[in-house]
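Please treat every number below as a calculation from the coordinates, not as lab data. Since the model is a prediction, treat every value here as computed from it, not as a measurement. Please note: Cβ atoms are built from the backbone with ideal geometry, for glycine as well, and neighbour counts cover all protein chains shown.
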Amino acid sequence: MNMDITLQQVAFFVVAIFITIFSVLTVTTSKILRSATYLLFVLFGTAAIYFLLDYTFLGAVQLMVYAGGIIVLYVFSILLTNSDQSMNKKLNKGKLVASIISALAGAAIVLFIVLTHNFVPAASGETQELGMKTIGHALMGSDKYQYLLPFEAISVLLLACIIGGLVIARKR
Amino acid sequence: MEYTIFILLLPVLMFLFLGLAGHKLKPNVAGIFGTISLGIVAVLSYVTAWNYFTLPRVNGVFQALTPLKVEWLHLTDHLHIDLGIFLDPISVMMLVVISTVSLMVHIYSMGYMHGEKGFQRYYAFLSLFTFSMLGLVVATNIFQMYIFWELVGVSSYLLIGFYYTKPTAIAASKKAFIVTRFADLGFLIGILILSFFTKTFDFTELMNGTAEPLLRSAAGQSFLGGSVLAWGLGLMFMGGAGKSAMFPLHIWLPDAMEGPTPVSALIHAATMVVAGVYLVARMFPLYIDYAPQVLAGIAYIGAFTALFSATIACVQTDIKRVLAFSTISQIGFMIVALGVCLGKGEHEGLGYMASMFHLFTHAMFKALLFLGAGSIIHAVHSNEMDHMGGLRKYMPITHITFLIACLAISGIPPFSGFFSKDEILSAAFEFSPVIGWTMSFIAGLTAFYMFRLYYNIFWGKEHEHEHTPHEAPLTMTFPLMFLAAITLVAGFIPFGHFVSSNGEVYNIHLDKVVATVSVCIAVCSIALATIFYRKAEQPIPDMLGKKFRKLHTAASHRFYIDEVWMFVTHKIIFRCISTPIAWFDRHVVDGFMNFLAWSAQEASFSIRGFQSGRVQQYAYVFLVGALVIIVGLLLFI
Amino acid sequence: MMFAGIFGFFTRKNTLAMLISLELILNASDINFAVFNRYLFPAQLEGHFFTLFAIAIAAAETAVGIAIIINIYRNVRGIQVKDIEEMKH
């Protein structure tokens with residue numbers, strides 16, 4: 001047995017357990033605000049995983065957009081709709097059982113697939129940190145394997161979402 | 001001879017015009033249009049006849065002409081249905097008869113139907129009928145004849161049911177159509193049998209010998225005792241029997257008197273009912289050569305019908321019914337004349353010529369009788385003999401013309417009926433004495449009941465009328481006088497010059513014995529009728545009626561044949577055949593369809609729950625479906 | 001994480017809680033893409049950029065979803081799932 005447990009592996013396991021616990025807590029707690037808070041922790045954990053993968057830009061974006069923007073959005077909307085006051089009534093048993101079984105079954109199947117498939121890791125193991133320059137060039141370039149078009153498409157999508165959001169939520 | 005197409009075109013165009021636009025015209029204008037168009041048709045018919053009969057004979061016979069022939073339906077290489085005009089002596093004669101009588105009826109109806117609702121519709125239907133009948137007689141092939149045969153049936157239905165608010169009229173029109181349609185089934189089967197074996201519908205091909213080997217082989221094959229060809233021709237006669245009201249398919253004709261009287265004159269005296277006779281005459285060479293037994297059978301049927309209806313006519317009280325039964329009887333005469341032919345020669349084929357001659361003269365005087373009856377009905381507003389009597393003082397023209405017609409139908413010389421009936425009797429005596437004496441007896445009965453009718457209307461006790469009966473207007477009396485004039489002279493036409501069974505000239509000569517016998521019988525019958533019915537009091541008929549009460553009742557109920565038919569249709573056909581079939585249709589066929597619909601509905605109810613509006617349920621179904629597919633892929637790949 | 005999110009989506013009664021569970025699902029798949037890119041195809045950047053764009057799109061979708069929920073709250077005065085399951089008829 002390889003006793004060569006690196007720091008990286010330890011860090012990964014800690015973060016993984018952290019994410020798992022808090023995601024289960026997110027979906028089982030009865031109070032919405034607590035659920036949003038646990039989600040925040042899950043998002044922090046996800047950002048930590050990105051940092052572990054040396055995708056620093058991605059982790060930063062995750063923190064800023066998700067943890068910073070979306071959680072705030074959720075908290076605002078929870079408070080706006082007075083959801084934190086209303087009580088969650090009990091679910092009917094049948095629905096609960098069916099959901100648990102289907103979720104567990106799904107998890108089992110996916111785990112089975114993941115663990116029995118032999119992934120071939122890439123030959124070159126050394127990792128270089130992904131520089132901003134590379135990311136910038138890739139994002140704005142129009143050659144093959146470069147992402148100018150999706151970038152512009154997403155900007156159009158965001159425009160549409162802004163307008164859509166405004167239209168939906170305006171006062172009549 | 002291309003102008004003959006107008007003989008057909010004008011009436012049908014007039015029908016369309018009056019049918020579609022007639023209600024916008026004033027009634028008189030519509031009537032004038034119809035009459036003028038028919039006048040032109042009549043003139044064209046006369047011109048055609050003149051041109052045809054003055055053409056030189058070929059081999060001693062008049063050449064059959066076909067001015068128009070258009071292929072309409074191409075069925076197989078040999079078999080095709082054409083439409084066209086075929087001129088030969090009998091068809092030209094029929095053209096003259098039909099157009100003359102139709103013209104007289106048109107003129108007469110201007111006066112008789114004056115003020116009736118639906119005047120324009122009446123003239124439209126009259127034109128349609130004339131078109132159909134003309135098309136029937138000039139048909140170039142059997143199928144065209146069948147098409148127009150059905151058209152004639154339809155026109156008759158429309159005209160009998162003209163007073164469509166009267167339930168009896170509606171019932172009568174339905175009865176006429178259904179009975180003739182039923183007979184036409186036999187006609188169609190006969191046509192199909194004939195054309196199957198001879199591979200042609202065309203008259204020229206059938207008669208001129210090209211089809212002879214096929215005909216002979218058809219005559220050779222036998223089926224249930226008779227040759228196939230005999231069956232075909234016999235079935236075709238069944239169609240003719242329906243149209244010509246032979247026993248037992250005669251039931252529709254007395255009821256058809258519900259229609260207006262000019263319609264009865266046109267359709268049920270002069271033209272439509274002789275369609276059956278015309279059919280046999282048209283197919284006569286085939287009957288003579290290949291199915292002589294069928295001809296003999298036809299003769300017996302005709303004789304029985306004539307006797308049967310003559311006895312019924314003696315006790316009817318409705319004047320139109322008397323005339324209807326008289327028509328049936330006279331058509332029986334024509335059919336017998338055709339049936340007693342033994343060959344196509346001069347002497348053997350006498351019946352053919354006699355039948356056509358009698359058709360011609362009968363059309364004229366029967367139309368005259370009906371139109372006269374119409375004028376009487378117009379005057380006293382009733383059909384019953386009890387409401388009439390002593391009318392000779394008030395209606396002189398009607399009286400004289402009616403008397404002329406009665407003398408003609410009784411066979412008194414020099415009126416036309418004598419000549420034609422005499423020829424028939426001669427031919428009948430040639431065939432068999434039994435038929436000969438039966439027909440003579442019927443001739444006597446004819447004279448008897450016609451004069452019974454005459455005396456009851458014009459002599460005898462006067463009935464109280466609301467207003468004194470007056471003579472009919474000129475539009476009604478002119479046709480009477482015209483037809484009476486024809487009746488006076490038609491007997492002297494040398495008919496054998498024009499129409500005879502083998503086409504050659506036949507000089508009619510009177511058989512002195514037969515003639516004397518028939519005249520004596522007629523005179524005796526008239527005398528008997530005079531004794532019985534001339535005075536106002538009628539002691540002898542009343543006593544006879546009491547003594548033979550059962551016979552009298554049976555005869556006035558037309559020997560209950562209608563009841564027999566009703567029994568057959570209601571108890572047997574409806575109950576045993578139609579009801580089970582209807583049950584099957586309603587429950588099994590419809591039930592199956594209902595079952596399909598019900599099962600579709602049940603299926604849709606049961607899967608309706610899937611679309612509940614609950615998003616979580618939708619997501620659940622997604623997940624489960626995806627998992628199933630993944631597991632399936634894992635297991636099987 | 002993903003199946004926790006799926007479980008939460010099925011069982012939560014508050015629509016906002018459903019959206020929160022949806023975020024869990026999205027994050028789980030983002031992690032998946034990033035890891036595959038890093039360990040199986042380090043020379044290429046598809047997974048990285050897919051994740052980047054997925055984050056952006058998730059943000060946009062959340063915004064619009066919350067706008068809709070607020071609109072529902074205005075009409076029905078509650079955002080329980082069982083209040084909005086009646087379909088048009």
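What to note about this one:
- Between the alpha-carbon centres of the range B:4-57 and the range B:193-271 there is a gap of 28 Å.
- Peptide C:66-72 shows a mean partner chain C-beta count of 6 within 10 Å per residue C-beta.
- Sequence ranges B:161-172, B:181-192, ranked by mean other-Cβ count within 10 angstrom, highest first: B:181-192, B:161-172
- When each of the peptides A:54-66, A:138-150, B:14-26 is scored by how many other beta carbons lie within 10 Å of its residues on average, the order from highest to lowest is A:54-66, B:14-26, A:138-150.
- Environment charge at B:M207 (Cβ cut-off 12 Å; Lys +1, Arg +1, Asp -1, Glu -1): -3
- What the Cα atoms of the range A:131-172 give is an Rg and a Dmax of 15.3, 49 Å.
- Relative to the dominant Cα principal axis of chain B, helix B:590-606 is inclined by about 20°.
- Ellipticity at 222 nm from helices only: DSSP H runs of n ≥ 4 in chain A, each -39500 (n - 2.57), divided by the residue count, give -22000 deg cm²/dmol.
- Nearest 10 degrees, 0 to 90: helix B:89-112 Cα axis against chain B principal axis: 90 degrees
- Contact order relative to length of chain C, as percent, for alpha carbon pairs under 8 angstrom and 6 or more apart: 29 percent
- Computed [θ] at 222 nm, helices only, for chain B once each DSSP H run of length n ≥ 4 contributes -39500 (n - 2.57): -22500 deg cm²/dmol
- By average C-beta atoms within 10 angstrom, highest first, the peptides B:537-549, B:589-601, B:205-217: B:205-217, B:537-549, B:589-601
- Positive contributions from Lys and Arg (+1) and negative ones from Asp and Glu (-1), summed over other residues with Cβ under 15 Å from the Cβ of B:S410, come out at +2.
- Fewest-first ranking of B:S156, B:S37, using other Cβ atoms within 10 Å as the exposure measure: B:S37, B:S156
- Net dipole in debye of the protein assembly as shown [+1 Lys, Arg Cβ; -1 Asp, Glu Cβ; about Cα centre; nearest 20]: 2760 debye
- Estimated dipole of chain B in Debye, rounded to 20 [Cβ of Lys and Arg +1, of Asp and Glu -1, Cα centre]: 1340 debye
- Positive-end extreme of charge dipole, the range A:5-100 - chosen from A:L58, A:F76, A:V15 (charges on Cβ): A:F76
- Computed from the C-alpha gyration tensor, the three semi-axes of the ellipsoid equivalent to chain B are 52, 33, 26 Å, from longest to shortest.
- Farthest toward positive dipole pole in the protein assembly as shown [+1 Lys/Arg, -1 Asp/Glu at C-beta], among C:F10, B:H114, B:L286: C:F10
- Anisotropy class assigned to the range A:7-87 is oblate, per the alpha carbon gyration tensor with a/c at or over the 1.5 cut-off and a/b no larger than b/c.
- Lysines with Cα under 19 Å of B:K166, excluding same-chain neighbours fewer than 8 positions away: B:K117, B:K174, B:K175, B:K320
- Percentage relative contact order, chain A, counting C-alpha pairs under 8 Å, at least six apart: 15 percent
- Exercise: per-residue mean of other protein chain Cβ atoms within 10 Å, A:95-103: 5
- Inter-chain neighbour count for C:42-51: the average number of beta-carbon atoms from partner chains within 10 Å of each residue's beta-carbon is 5.
- The range B:153-291: C-alpha pair distances exceeding 17 Å, %: 61 percent
- Along principal axes, Cα extents of the protein assembly as shown, largest first, whole Å: 150, 68, 50
- Relative exposure of B:W72, B:W583, judged by other C-beta atoms within 10 Å (fewest first): B:W583, B:W72
- As a proxy for reagent exposure, B:E423, B:E430 were ordered by neighbouring Cβ count within 10 angstrom, fewest first; the result is B:E430, B:E423.
- Chain B - percent relative contact order, Cα under 8 Å, separation 6 or more: 12 percent
- Cα gyration tensor shape of the range C:2-81, rounded if a/c is under 1.5, else prolate or oblate by comparing a/b with b/c: oblate
- Kyte-Doolittle at least 1.0, axis length at least 20 Å by Cα - qualifying DSSP helices, chain C: C:15-40, C:46-76
- Cα gyration tensor, chain A - rounded (a/c under 1.5), prolate or oblate: oblate
- Helix B:319-339 axis, angle to chain B major axis (alpha carbon atoms, nearest 10°): 90 degrees
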